[in-house]
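To keep things clear, I will list the structure first and then write my remarks on it.
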Number of protein chains: 4
Amino acid sequence: MPSILVLSASPSIESRTAALSDHLAQRLRQGGHQVRIRLVRELPPAALLAGDVTEAAIAEVVGEIAAADGVVVASPVFKAAYSGLLKTLLDLLPQFALAGKVVLPVLTGGSPAHVLALDYALRPVLSSLGAHHIVPGWFVLDQHIERTADGQVAHLQPESAKPLYEVVDVFSDTLSARSLGAAVPVS
Amino acid sequence: MPSILVLSASPSIESRTAALSDHLAQRLRQGGHQVRIRLVRELPPAALLAGDVTEAAIAEVVGEIAAADGVVVASPVFKAAYSGLLKTLLDLLPQFALAGKVVLPVLTGGSPAHVLALDYALRPVLSSLGAHHIVPGWFVLDQHIERTADGQVAHLQPESAKPLYEVVDVFSDTLSARSLGAAVPVS
Amino acid sequence: MPSILVLSASPSIESRTAALSDHLAQRLRQGGHQVRIRLVRELPPAALLAGDVTEAAIAEVVGEIAAADGVVVASPVFKAAYSGLLKTLLDLLPQFALAGKVVLPVLTGGSPAHVLALDYALRPVLSSLGAHHIVPGWFVLDQHIERTADGQVAHLQPESAKPLYEVVDVFSDTLSARSLGAAVPVS
Amino acid sequence: MPSILVLSASPSIESRTAALSDHLAQRLRQGGHQVRIRLVRELPPAALLAGDVTEAAIAEVVGEIAAADGVVVASPVFKAAYSGLLKTLLDLLPQFALAGKVVLPVLTGGSPAHVLALDYALRPVLSSLGAHHIVPGWFVLDQHIERTADGQVAHLQPESAKPLYEVVDVFSDTLSARSLGAAVPVS
């Protein structure tokens with residue numbers, strides 16, 4: 001069973017990115033994957049900013065990334081790019097930390113004017129980490145994410161839900177296919 | 001006299017970016033400017049990552065940016081882009097925090113393969129902050145920066161020094177010209 | 001009097017980009033500039049694609065760019081970037097063809113999702129051409145441009161017109177200031 | 001047997017990009033694929049620049065792209081991005097012309113300073129065309145490509161050949177795996 005790590009990188013306590021990450025994790029679990037979510041904002045700030053990989057919690061998440069078959073990278077768009085919070089984590093990873101992995105990039109933002117941040121800002125950074133396969137991602141408009149009182153996704157507007165679920169399912173299928181391929185005896 | 005703020009955004013204690021920032025500050029002071037350097041790594045980590053602009057030290061640097069006529073943005077290249085440390089600071093600024101300002105982007109990195117991170121990664125973020133004029137910047141190879149024991153620039157290889165000083169002088173002249181222009185009575 | 005060249009790079013005969021280029025040229029003329037428009041689609045196709053700078057019409061436009069104080073670069077967005085037509089012209093220019101010039105980038109497109117193509121795709125290419133000062137540009141939504149029967153701009157929706165005129169006026173003022181500056185005896 | 005189309009987009013008659021395209025085509029044929037090369041510069045210039053998809057040769061190459069399982073996109077780097085010649089062809093394709101396809105981007109250029117043009121300039125455009133899987137690509141330094149008198153690759157420097165062959169083989173394996181997957185009865 002492929003294992004997936006969801007890196008959710010909003011600095012806000014009440015975060016649409018976090019709600020959406022949870023929502024995607026549920027869908028991926030239903031698709032038969034083992035899924036773990038990491039809120040980057042819960043990592044120790046000083047160690048994160050200093051890139052201190054000897055700190056226990058940082059070392060743990062670095063290990064989880066290394067062990068995952070698939071990684072979902074979810075971030076809000078700030079100032080025409082991914083969050084600085086996300087980048088502080090990516091900065092301390094080994095150069096080819098995503099080698100051999102399938103990666104799904106997901107961004108959230110308040111304006112459709114930020115859509116291209118996914119392909120022009122986030123994807124090049126994920127490429128530089130040696131990702132084997134970055135599947136097509138999706139940018140979800142904040143106003144399409146309705147939340148419950150406890151911060152879960154209550155409803156996703158269909159114009160965001162449909163294309164988002166499509167890329168999530170491509171990610172899921174890609175992981176499953178790799179898993180099957182790996183299980184086939186080669187001789 | 002134009003005032004300049006140098007934002008130096010390496011997470012390392014022994015940093016070539018910091019040494020270079022100091023070196024540029026000295027040159028700009030000799031050019032008649034009032035220059036202040038801010039090491040982003042000295043800001044309080046938790047407040048920086050949470051985007052807490054009510055925290056005293058964060059509020060102070062936000063105020064310094066608002067007051068500056070020119071801003072030098074210096075960062076190492078990590079994972080094909082600027083440092084996450086830099087982006088955490090830029091993320092918490094008001095949307096048009098660089099409006100009306102002249103900005104000089106400077107990157108340092110270990111390989112010439114990262115040169116385009118300046119124009120493809122850093123400059124779009126500075127543009128989104130409403131910078132009035134982002135002058136041409138420069139990417140300095142780490143190995144061209146020789147340091148003294150106490151972390152100052154001992155020597156800059158000429159193939160980096162020449163084009164770097166050129167963009168610094170364009171930045172300096174642009175600031176001085178704006179300052180003169182502002183002083184001229186309009187009626 | 002500063003001279004401006006408008007490079008208008010839509011491949012279509014009935015082009016919103018061309019209508020908008022004309023409209024901006026009129027505004028710039030009213031601002032006291034000498035303005036010439038070049039429709040890139042009227043250049044000889046074979047010479048353009050082959051980068052043949054000895055061809056008369058190509059040589060002429062290369063000379064016009066060299067002689068201009070300011071250049072407006074206007075293109076539709078296709079496939080998340082500027083038009084190929086525009087890039088074929090930029091490709092055949094000398095490496096620092098925009099050195100010393102003020103440049104205004106303007107894009108048109110059918111969806112707000114393409115806004116960031118200006119800063120992530122077009123601006124890095126203009127930077128690589130050595131532009132002295134690329135002022136903030138603007139992305140105009142196709143549906144905000146109403147045209148007359150003969151292809152002129154009949155009306156620009158205010159939500160596009162206001163920010164567009166602002167960047168055009170910054171471009172105009174920047175050119176005028178440089179012109180004045182150049183006229184001052186240095187003694 | 002997966003079919004591959006190589007789009008080779010240098011405007012030069014004596015082109016390193018074309019020599020390299022040929023070289024890669026040979027390797028892919030040895031890997032069991034059916035490979036066809038298209039030199040974009042041989043397409044009719046006027047139709048290409050006007051985006052005239054009714055022109056016979058243009059219609060033919062559009063059909064070849066539609067029919068291919070894999071597409072290699074090879075271009076020199078000019079002005080910090082792919083060639084305008086390449087973009088004129090991509091511009092006239094249907095919006096999702098690369099949907100369902102595996103794509104390998106390859107750039108050539110005279111300086112390592114242009115490496116990031118692959119991930120920051122070319123890949124976002126290929127993404128916008130709906131490519132199913134853009135595998136990691138490679139940037140080959142011009143001076144690593146030695147040619148024979150008749151324009152073939154005589155020798156590739158090992159520091160370019162090794163990583164280039166790796167991405168080509170990943171591309172080849174990805175295509176073969178998809179082909180096998182498609183052949184497996186789902187029952």
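Would you tally the residues in the range D:40-71 being assigned to a loop (DSSP other than H, G, I, E, B) and open to solvent by less than 40 Å² (accessible area, probe 1.4 Å)? Lay out the reasoning, then the answer.
Residues of the range D:40-71 assigned to a loop (DSSP other than H, G, I, E, B): D:43-44, D:51-55, D:68-69.
So of that shortlist, the ones also open to solvent by less than 40 Å² (accessible area, probe 1.4 Å) come out as D:43-44, D:51, D:68.
Number of matching residues: 4.
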- Task: Might you let me know whether the range A:56-64 holds any residue that is within 14 Å of chain B (Cβ to nearest Cβ) and closer than 18 Å to B:Asp91 by Cβ?
- Result: no
- Item | Failed item in (1) under 25 Å from B:Phe96 (Cα atoms); (2) in contact (Cβ under 8 Å) with a residue 24 or more places away in the chain; (3) more than 9 Å from chain D (Cβ to nearest Cβ), with C:Ala113 passing the rest | (2)
- Task: For the range C:177-187, name all the residues that are within 14 Å of chain B (Cβ to nearest Cβ) and either at pLDDT 95 or above or part of a loop (DSSP other than H, G, I, E, B) (or both).
- Result: C:Val184, C:Val186
- Item | Verdict on C:Ala25 being within 12 Å of the chain's Cα centre (by Cα) and part of a helix (DSSP H, G or I) | yes
- Note on the structure: Taking the range C:124-154 and keeping only residues that are farther than 26 Å from C:Gln95 by Cα and modelled with pLDDT under 95, one is left with C:Glu146, C:Arg147, C:Thr148, C:Ala149, C:Asp150, C:Gly151, C:Gln152, C:Val153, C:Ala154
- Note on the structure: Pairing a residue in the range D:171-187 that is under 21 Å from D:Gln30 (Cα atoms) with any residue that is of a type in the set (Phe, Trp, Tyr) and at pLDDT below 95, where Cβ atoms lie under 7 Å and the two sit 6 or more apart in sequence or on different chains, gives none
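Restricting attention to the range D:128-175, which residues are within 14 Å of chain C (Cβ to nearest Cβ), buried (at least 17 other Cβ atoms within 10 Å of the Cβ) and farther than 18 Å from A:Gly130 by Cβ? Steps first, please.
Within the range D:128-175, the first condition is being within 14 Å of chain C (Cβ to nearest Cβ), and the residues that meet it are D:128-131, D:134.
From what's left, buried (at least 17 other Cβ atoms within 10 Å of the Cβ): D:128-129, D:131, D:134.
Selection gives D:Ser128, D:Leu129, D:Ala131.
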- Message: Can you name every one of the strands (runs of 3 or more DSSP E) wholly within the range D:75-171 that holds 1 or more residues which are more than 30 Å from C:Leu126 (Cα to Cα) and among the hydrophobic types (A, V, I, L, M, F, W, C)?
- Response: D:102-109, D:153-156
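Please find, among B:Ala99, B:Ala47, B:Ala80, B:Ala121, the residue that is facing chain A (nearest Cβ under 9 Å), within 26 Å of C:Val167 (Cβ to Cβ), at pLDDT 95 or above and out of contact with any Lys or Arg (no Cβ under 8 Å at 6 or more places or on another chain). Don't jump to the end; show me each part of the working.
Values: B:Ala99 fails: facing chain A (nearest Cβ under 9 Å); B:Ala47 fails: within 26 Å of C:Val167 (Cβ to Cβ); B:Ala80 fails: within 26 Å of C:Val167 (Cβ to Cβ).
Sole residue among the options that is facing chain A (nearest Cβ under 9 Å), within 26 Å of C:Val167 (Cβ to Cβ), at pLDDT 95 or above and out of contact with any Lys or Arg (no Cβ under 8 Å at 6 or more places or on another chain): B:Ala121.
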- Task: Report yes if some residue within the range A:117-127 is open to solvent by 30 Å² or more (accessible area, probe 1.4 Å) and touching a strand residue (DSSP E or B) at 6+ places or on another chain (Cβ under 7 Å); otherwise report no.
- Result: no
- Identify, by number, the condition in (1) under 24 Å from C:His133 (Cβ atoms); (2) over 17 Å from the mean Cα position of the chain (by Cα) that C:Ala46 doesn't meet. (1)
- Query: With A:Lys101, A:Lys79 as the choices, which residue is in contact (Cβ under 8 Å) with a residue 24 or more places away in the chain and of a type in the set (Lys, Arg)?
  - Reply: A:Lys101
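The values are calculated or read from the model by the stated rules, or taken from the named source; none is laboratory data. Keep in mind that what you see is a predicted model, and the values were worked out from it rather than measured. When we count neighbours, we look across all protein chains shown, and the Cβ atoms used for this are built from the backbone with ideal geometry, even at glycine. Note: areas computed on protein heavy atoms with side chains; ligands, DNA, RNA excluded. Shrake-Rupley method; radii C 1.70, N 1.55, O 1.52, S 1.80 Å.
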